[in-house]
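Chemist: The structure under discussion is supplied below as structure tokens; questions concerning it will follow.
The values are calculated or read from the model by the stated rules, or taken from the named source; none is laboratory data. What you see is a predicted model; the values in this text were computed from it and never measured. Here the Cβ is made from the backbone with ideal geometry for all residues, glycine too, and neighbour counts use every protein chain on show. Calculation scope for accessible area: heavy atoms of the full protein, side chains included, ligands and nucleic acids excluded. Shrake-Rupley method; radii C 1.70, N 1.55, O 1.52, S 1.80 Å.
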Amino acid sequence: MEVEKSTNKQQPSHYSWLASCTKCFPVYSSKPSQPPPPPEKELTPEKDGTSVLPSSKTTKRKHGGWKAMPFVLGNETFERLATFGLLANFMIFLLTEFHMEQASAANLLNIWSGVTNFVPLIGAFISDAYVGRFWTIGFASFASLLGMIALTLIAWIPQLHPPKCSPQKVQQLHHCKGASAPQMGLLILALGFLSIGTGGIRPCSLPFGVDQFDATTEEGKKGINSFFNWYYTTFTLVLILALTVVVYIQDSVSWVLGFGIPTVLMVGSILLFFIGTRVYVYVKPEGSVFSGIGQVLVAAYRKRKLKLPDKGEVEVHGLFYDPQLLGTRVAKLPITDQFRFLNKAAIVLDHELNPDGSCSNPWRLCTIHQVEEVKCLLKIVPVWASGIISFTAMAQQATFTISQALKTDRHLGPHFQIPPGSLMVISMITVGLWLPFYDRIVVPTLGKLTGLEGGITLLQRIGIGIVFSIVSMIVAGFIEQMRRASAISHGRPDGIAPISVLWLAPQLSIMGFAEAFNIIGQIEFYYKEFPENMSSVANSLFFCTIAGANYLSSLMIAIVHGTTGGHDRPDWLTADINSGRVDYFYFLIAGLGIVNLVYFLVVSRAYRYKDGVQSMEERPQFDVEMIGSQH
């Protein structure tokens, strides 16, 4: 790809020195014309015989490629099966083994999930700026293992969890003795270790696998595509196994065995990961994009009193620092008028350039490209915020939907009961059946009508997902009213309504459509609207949406639990779901969803796409994992 010429007309022709100005900005440099290709470098062998890939990737690789894939994919498969298998049924564990009230258990899960989805931001920064992906994954894997061992011991050793309840009292959880402070503290510590592990593994696992291939060669490109296919195929299989087999063991056989199996698998994952150290290719950390974002904000604040030139005078005066991008295939972003106050960060003042032309302080002077990257982030934030409430609806699948399932007839035949935690497979099946039909039938049909390659714009796709999330909550509310009325009218001692658990399938299936439109739409939107080198920010934004939804859900539960009820009436989310009104809680979320939909329509109408028009390019390869992260 040809490097663009600088638009700064006062820039002297001897700016070739900027090719090595990595202290100013890791990927930015400038020359008046396209430079000759750099000499090939040999991979630097480490003491253990491994190969380190320098920051400018070369075509000479000692290892990597498919030689590393058995270790990378094996590690990924074991780790994901361990993680999802451990946590897929965790709401049931909190209700039946720790004897927590459903509101308290849902709050704990929401807060922990929120932390877990924010931590990858820190993991990505540490990996990119300091230690690299290999050591980040390695350290995080041990942290996950410690958390899993702790949870297995909690389920195994009687002193580490509340005493057992009789089957009759288990059906009325508030009659069982709850956890002591030390027991709850150990549980929180175990979840903390799991969060640290997720923070390191989630942002690094997929990029580390891609690092093993040389993207500059045709063979490497084919290898990357094949790796994506294997990666997401194994992910889907692992998710199904975790939500069925492992959940069944936990629910019907033993919690110790159900937690112990994932823990043993995690040990195998770590062993396999480190066995492959001699065949991996390692990419050295080159600095995090988050540093560049901070530099733009600081530089713009320091220059806040400067006056910007009038529109149209940028080219005449040449006041902005706008070098070319070398050593990267990222397209340089042109200066825009949106969020113009940030343009001040790129105004060149006296003494901000060294005698050789390099920037003297990256916290006082930034490039136009850096400034435009921050603008991309700022203009996407309003759209990002709209996802929080719709994701709040999705979060209920792992909390109150489980509580509903516990109070229904879960039998399939005389001897088999569906584990409550396995119901989330219904959403996954819906997504798996709908997406091929959508891509092969719906998109081409809509494309003929709209003229868009993707049939509809990405913002329209997100909006449709928001509508489905609202409908799902309304349907969930009506189904809960029916289930509750049936349970009360029959008055069984265990409080179970004599209706099939499959009555919950409609709300879960509709939520699957919400995921297929909203989640995948958001992922594509972030990756298309951010510059290529900010894909880590796009990935982090998505997980921050999940975290925000978890915190909002926790806040709503706390408010509803504390303000509803009274006058000898239980609150909506009381421990006995038949005495509470979870249906009202679902309707409340649906109402907020309607307000959010109006907000989204206003925001999306004002949004300007990066290229001026909506372009639907090749879809990202990570849709399945992002959906799986919801579960």
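Chemist: Within the range 185-210, how many residues turn out to be farther than 18 Å from Cys544 by Cα, open to solvent by 10 Å² or more (accessible area, probe 1.4 Å) and modelled with pLDDT of 85 or more?
Modeler: Residues meeting the conditions: 5.
Chemist: Report, by residue number, each residue of the range 84-113 that is aromatic (Phe, Trp, Tyr) and at pLDDT 85 or above.
Modeler: Here is the first cut: in the range 84-113, the residues aromatic (Phe, Trp, Tyr) are 84, 90, 93, 98, 112.
Phe90, Phe93, Phe98, Trp112, listed by residue number.
Chemist: Within the set of pairs 6+ apart or on separate chains, which have a first residue in the range 430-450 that is assigned to a helix (DSSP H, G or I), a second that is open to solvent by 50 Å² or more (accessible area, probe 1.4 Å), and C-beta atoms under 7 Å apart?
Modeler: Correct list of pairs: Thr430/Phe513; Trp434/Phe513; Gly447/Glu453.
Chemist: Hey, does the range 289-301 have a residue that's more than 27 Å from the chain's Cα centre (by Cα), modelled with pLDDT of 85 or more and surrounded by 19 or more Cβ atoms within 10 Å (Cβ to Cβ)? Explain how you work it out, then say what you get.
Modeler: Our first condition is that a residue be more than 27 Å from the chain's Cα centre (by Cα); within the range 289-301, this holds for 298-301.
Restricting the remaining residues to those that are modelled with pLDDT of 85 or more gives 298-301.
So of that shortlist, the ones also surrounded by 19 or more Cβ atoms within 10 Å (Cβ to Cβ) come out as 299-300.
Among the residues of the range 289-301, at least one is more than 27 Å from the chain's Cα centre (by Cα), modelled with pLDDT of 85 or more and surrounded by 19 or more Cβ atoms within 10 Å (Cβ to Cβ), which makes the answer yes.
Chemist: Right, here's the next one. Would you point out which residue out of Leu146, Leu94, Leu109 is crowded, with 21+ Cβ neighbours inside 10 Å, without any contact (Cβ under 8 Å) to a residue 60 or more places away in the chain and assigned to a helix (DSSP H, G or I)? Let's see the steps before the verdict.
Modeler: On the way: Leu146 fails: crowded, with 21+ Cβ neighbours inside 10 Å; Leu109 fails: without any contact (Cβ under 8 Å) to a residue 60 or more places away in the chain.
Just one listed residue meets the conditions, Leu94.
Chemist: Where residues in the range 584-597 are within 15 Å of Ala103 (Cβ to Cβ) and of a type outside the set (A, V, I, L, M), which of them is nearest to the chain's Cα centre (by Cα)? Give the steps one after another, and end with the answer.
Modeler: Within the range 584-597, the first condition is being within 15 Å of Ala103 (Cβ to Cβ), and the residues that meet it are 584-586, 588-589.
From the residues that got through so far, the ones that are of a type outside the set (A, V, I, L, M) too are 584-586.
Details: Tyr584: 29, Phe585: 26, Tyr586: 24 Å.
The qualifying residue nearest to the chain's Cα centre (by Cα) is Tyr586.
Chemist: Okay, moving on. Just give me the residues in the range 542-570 being open to solvent by 20 Å² or more (accessible area, probe 1.4 Å) and over 24 Å from Ile519 (Cα atoms), in sequence order.
Modeler: Listed by number, the residues that qualify are Ala558, Ile559, His561, Gly562, Thr563, Thr564, Gly565, Gly566, His567, Asp568, Arg569, Pro570.
Chemist: Please find, within the range 386-423, the residue that is farthest from the chain's Cα centre (by Cα) out of those that are without any contact (Cβ under 8 Å) to a residue 12 or more places away in the chain and outside any strand (DSSP E or B).
Modeler: Pro414
Chemist: For Asn578, which of the numbered conditions (1) at pLDDT 90 or above; (2) in a helix (DSSP H, G or I); (3) more than 22 Å from Ser469 (Cβ to Cβ) fails to hold?
Modeler: (2)
Chemist: Right, another one. So, in the range 235-255, exactly how many residues are open to solvent by 30 Å² or more (accessible area, probe 1.4 Å) and in contact with a Ser or Thr (Cβ under 6 Å, 6 or more places away or on another chain)?
Modeler: The qualifying residues number 1.
Chemist: Any residue in the range 498-525 that's closer than 18 Å to Val443 by Cα: show its pairings with residues that are assigned to a helix (DSSP H, G or I) and of a type in the set (Asp, Glu) at Cβ separation under 8 Å, as long as the two are six or more apart or on different chains.
Modeler: Ile519/Asp623; Ile520/Asp623; Ile523/Asp623
Chemist: Would you pick out the residues in the range 443-456 that are more than 26 Å from the chain's Cα centre (by Cα) and within 27 Å of Phe530 (Cβ to Cβ)? Show your work before the answer.
Modeler: Taking the range 443-456 as the starting set, the residues that turn out to be more than 26 Å from the chain's Cα centre (by Cα) are 444-453.
Passing the criteria: Leu446, Gly447, Thr450, Gly451, Leu452, Glu453.
Chemist: When you scan the range 360-385, how many residues do you find that are in a helix (DSSP H, G or I), more than 30 Å from Tyr551 (Cα to Cα) and either touching a helix residue (DSSP H, G or I) at 6+ places or on another chain (Cβ under 7 Å) or hydroxyl-bearing (Ser, Thr, Tyr) (or both)?
Modeler: So the first thing to find is which residues in the range 360-385 are in a helix (DSSP H, G or I), and the list is 368-385.
This time we only want the ones that are more than 30 Å from Tyr551 (Cα to Cα), so: 368-372.
The next check asks that each one be either touching a helix residue (DSSP H, G or I) at 6+ places or on another chain (Cβ under 7 Å) or hydroxyl-bearing (Ser, Thr, Tyr) (or both); those that pass are 368, 370-371.
So the count comes out to 3.
Chemist: Given the criteria open to solvent by 60 Å² or more (accessible area, probe 1.4 Å), of a type outside the set (Ser, Thr, Tyr), at pLDDT below 90 and in a helix (DSSP H, G or I), does Phe125 qualify?
Modeler: Numbers: open to solvent by 60 Å² or more (accessible area, probe 1.4 Å): yes; of a type outside the set (Ser, Thr, Tyr): yes; at pLDDT below 90: yes; in a helix (DSSP H, G or I): yes.
Taking the combined requirement at face value, the residue satisfies it.
Chemist: Condition first: open to solvent by 20 Å² or more (accessible area, probe 1.4 Å), under 30 Å from Tyr599 (Cα atoms) and modelled with pLDDT under 90. Now tell me which residues in the range 326-377 satisfy that.
Modeler: Listed by number, the residues that qualify are Leu333, Pro334, Ile335, Thr336, Asp337, Gln338, Phe339, Arg340, Leu377.
Chemist: Something else about it: For the list (1) open to solvent by 10 Å² or more (accessible area, probe 1.4 Å); (2) closer than 23 Å to Val247 by Cβ; (3) in contact with a Leu (Cβ under 7 Å, 6 or more places away or on another chain); (4) of a type outside the set (Lys, Arg), I need the number of the one condition that Pro420 fails.
Modeler: The single condition Pro420 does not satisfy is (1).
Chemist: With the structure loaded, tell me whether Gly132 is part of a helix (DSSP H, G or I), out of contact with any strand residue (DSSP E or B) (no Cβ under 8 Å at 6 or more places or on another chain), of a type outside the set (Ser, Thr, Tyr) and open to solvent by less than 60 Å² (accessible area, probe 1.4 Å) or whether it fails that test. Steps first, please.
Modeler: Details: part of a helix (DSSP H, G or I): yes; out of contact with any strand residue (DSSP E or B) (no Cβ under 8 Å at 6 or more places or on another chain): no; of a type outside the set (Ser, Thr, Tyr): yes; open to solvent by less than 60 Å² (accessible area, probe 1.4 Å): yes.
Here the answer is no, as Gly132 does not meet what is asked.
Chemist: Out of the range 485-534, which residues are open to solvent by 50 Å² or more (accessible area, probe 1.4 Å) and under 20 Å from Val383 (Cα atoms)?
Modeler: Hits for the range 485-534 are Phe513, Tyr527, Glu532.
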